[in-house]
């Protein structure tokens, strides 16, 4: 059996701006973390990140597993999906439509993360959607939207409806399809997905017990979000519900121990 190896790629570190290189390193790390947490779906989901100060963004080379992605092999594209660098890799058209649609209108979003996990799809199929069952769910429900399934995302016309459904929210459940999170930074988008994925896991496990479940009252949901935003502001941050900058350095340390190479 033939062994297919990745083509040799010289590092782009000295050929791009410092801001682009940092975005490449952080996005490659995010791909590796998604692989580490077993949220990938072979090569069929995507994470994108804007290059600071531009309308250009980075996305995965189609056909690579997430643990093969490095800072240098990420593909740079514009909002029309044109590749802006010399690369042997293509991008997934469905991935571009979803991510391009969001980057096109959400200028506050630095990163978009999309998954097809079993738990995420299982919750997405439920008519009640995500329910206020756990502490984790509180942060999701404060900024959650839904976008109805229209088939594989290959229709450019779907972009407008996706943009309208997402609005200013940071969490999107795609019924019959999967999960999506946005963040001001790559770290934020990853933490958002961690919480959304964990919330879905908890809901599916709780429902499997076959007993009546206790939901969190709306008053408690509202109070918790207000207190969280106040705490983040007191600590010198912005009024986020979830601040990815807190766990991100520790996540990178773990990645450097168990799955190095993403900085290449």
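Considering only residues that are over 17 Å from the mean Cα position of the chain (by Cα) and within 26 Å of residue 43 (Cα to Cα), look in region 127-149 and name the one that is surrounded by the most Cβ atoms within 10 Å (Cβ to Cβ). The selected residue is 149.
Would you be able to tell me the number of residues in region 151-162 that are modelled with pLDDT of 90 or more, more than 16 Å from the chain's Cα centre (by Cα) and surrounded by 15 or more Cβ atoms within 10 Å (Cβ to Cβ)?
2
Can you say whether residue 41 is out of contact with any strand residue (DSSP E or B) (no Cβ under 8 Å at 6 or more places or on another chain) and in a loop (DSSP other than H, G, I, E, B), as far as the supplied structure shows? In short, no.
Which residues, taken from region 72-91, are in contact with a strand residue (DSSP E or B) (Cβ under 9 Å, 6 or more places away or on another chain) and under 22 Å from residue 34 (Cβ atoms)?
Answer for region 72-91, where residues must be in contact with a strand residue (DSSP E or B) (Cβ under 9 Å, 6 or more places away or on another chain) and under 22 Å from residue 34 (Cβ atoms): 74, 75, 76, 77, 87, 89, 90, 91.
Among the residues making up region 147-180, those that are part of a loop (DSSP other than H, G, I, E, B) and farther than 12 Å from residue 94 by Cβ are 147, 148, 149, 157, 167, 168, 169, 170, 175, 176.
Of all residues in region 78-97, which are in contact with a helix residue (DSSP H, G or I) (Cβ under 7 Å, 6 or more places away or on another chain) and not in a loop (DSSP other than H, G, I, E, B)? Passing the criteria: only 97.
Against the condition part of a helix (DSSP H, G or I), modelled with pLDDT of 90 or more, more than 21 Å from the chain's Cα centre (by Cα) and closer than 30 Å to residue 149 by Cα, how does residue 206 come out, does it pass?
Considered against the rule, which asks whether it is part of a helix (DSSP H, G or I), modelled with pLDDT of 90 or more, more than 21 Å from the chain's Cα centre (by Cα) and closer than 30 Å to residue 149 by Cα, residue 206 comes out as yes.
Among the residues of region 182-191, none qualifies, meaning not one is part of a helix (DSSP H, G or I) and surrounded by fewer than 17 Cβ atoms within 10 Å (Cβ to Cβ). With the requirement that a residue be in a helix (DSSP H, G or I), modelled with pLDDT under 95 and surrounded by 13 or more Cβ atoms within 10 Å (Cβ to Cβ), what does region 224-264 give you? Hits for region 224-264 are 224, 225, 228, 229, 232. For region 163-171, the criterion of being in contact with a strand residue (DSSP E or B) (Cβ under 6 Å, 6 or more places away or on another chain) and buried (at least 24 other Cβ atoms within 10 Å of the Cβ) is met by at least one residue.
Regarding region 214-223, can at least one residue be identified that is under 29 Å from residue 101 (Cα atoms), modelled with pLDDT under 95, over 17 Å from the mean Cα position of the chain (by Cα) and surrounded by fewer than 14 Cβ atoms within 10 Å (Cβ to Cβ)?
No - not one qualifying residue is present in region 214-223.
Only residues that are in contact with a helix residue (DSSP H, G or I) (Cβ under 6 Å, 6 or more places away or on another chain) and surrounded by fewer than 21 Cβ atoms within 10 Å (Cβ to Cβ) were counted across region 196-210, and they come to 3. Applying the criterion of being under 18 Å from residue 104 (Cα atoms) and under 12 Å from the mean Cα position of the chain (by Cα) to the residues of region 18-64, the residue that is surrounded by the fewest Cβ atoms within 10 Å (Cβ to Cβ) is 46. Restricting attention to region 126-143, the residues that are within 20 Å of residue 114 (Cα to Cα) and modelled with pLDDT under 95 add up to 7.
The values are calculated or read from the model by the stated rules, or taken from the named source; none is laboratory data. Bear in mind the structure is a predicted one, so any value in this text is a computation, not a measurement. Glycine gets a Cβ as well: all are built from the backbone with ideal geometry, and neighbour counts include every protein chain shown.
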